[in-house]
Amino acid sequence: MDSYNGYSEAERMKKLRASYKVFPGRTHPLYQGSCQICGDSGHPVEPHTEDYSEPYRWENPAEYAVCKVCHGRLHKRFKNPVGWAAYKVHVKRGGYGADLGHDPKIACEVRQLASSLEQGKEIALLLLRPFVVTDLWWDVITVDPVSLTSPSARPR
Ligand SMILES: [Zn+2]
C-alpha cells in the first residue's frame, strides 16, 4: 500500500485494521449500494478512503462506495492522468466501470480518447446511458503525485 492524500502506508493500514474491528465481515455500509463514481448498481462496491485522519470517519466525504474498476482507476490516476481524464469522460457519458471489461469496443474507445487527449484533442464518445449527476467529488480530486505524500493534501 502506497501513501495517499498525505497519509503514510502505516496510517492507511491503521485505519483499515480499525475498520475491520468496527465493521467485521464486510458490514461496512459502503459495501452496499451504487458506485459513487460511475453510478453502477449492478456490481459490488467497496469503501474507498480519502480521509485517514483520527478520529476516524466512515462516511462521505471521508469514504465512498466504489466499484472495483473505479477504485483501480482512482488510485492509478497519478501514473496515468490522461487515462483518468478519459475515464471521467466515459463516466459522464453514462459509462460504468464494468463496461470496460464487458465490451472491448467501449474499452478501445476510452483508450483512443486517452491518446487523443494526450495530443491535446478531444474526441466525442457515444452516450451510453443518462448520466445522473450526484456528487462530483471524483471529478475535482487532484492528479498531482505530490499529494500522495504531502501532509497538506490531508482533508483534516
Ligand atoms: Zn464505478
* What pairs can you find where one residue is in segment 71-82 and under 12 Å from CYS38 (Cβ atoms), the other is crowded, with 19+ Cβ neighbours inside 10 Å and among the hydroxyl-bearing types (Ser, Thr, Tyr), and their Cβ atoms are less than 7 Å apart, with a gap of 6+ or different chains? -> ARG73/TYR87
* Asked: When you scan segment 2-48, how many residues do you find that are touching a Pro at 6+ places or on another chain (Cβ under 9 Å) and open to solvent by 60 Å² or more (accessible area, probe 1.4 Å)?
  -> 2
* To do: State all residues of segment 22-49 that are in a loop (DSSP other than H, G, I, E, B) and more than 13 Å from the ligand (Cβ to nearest atom); if no residue qualifies, say none.
  => PHE23, THR27, HIS28, GLN32
* Asked: Here are some conditions: (1) in contact with a helix residue (DSSP H, G or I) (Cβ under 7 Å, 6 or more places away or on another chain); (2) in a helix (DSSP H, G or I). SER19 meets all but one. Which one does it not meet?
  -> (1)
* Could you grab me the full set of residues in segment 49-60 that are open to solvent by 40 Å² or more (accessible area, probe 1.4 Å) and either at pLDDT below 95 or within 14 Å of the chain's Cα centre (by Cα) (or both)? => ASN60
* Structure fact -> Scanning segment 50-87 residue by residue, those among the basic types (Lys, Arg) and within 10 Å of the ligand (Cβ to nearest atom) turn out to be LYS68, ARG73
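The values are calculated or read from the model by the stated rules, or taken from the named source; none is laboratory data. These numbers come from a predicted model, not from an experiment. Here Cβ is always computed from backbone atoms with ideal geometry, including for glycine, and neighbour counts include all displayed protein chains. Only protein heavy atoms, including side chains, enter the accessible area calculation; ligands, DNA and RNA are left aside. Shrake-Rupley method; radii C 1.70, N 1.55, O 1.52, S 1.80 Å.
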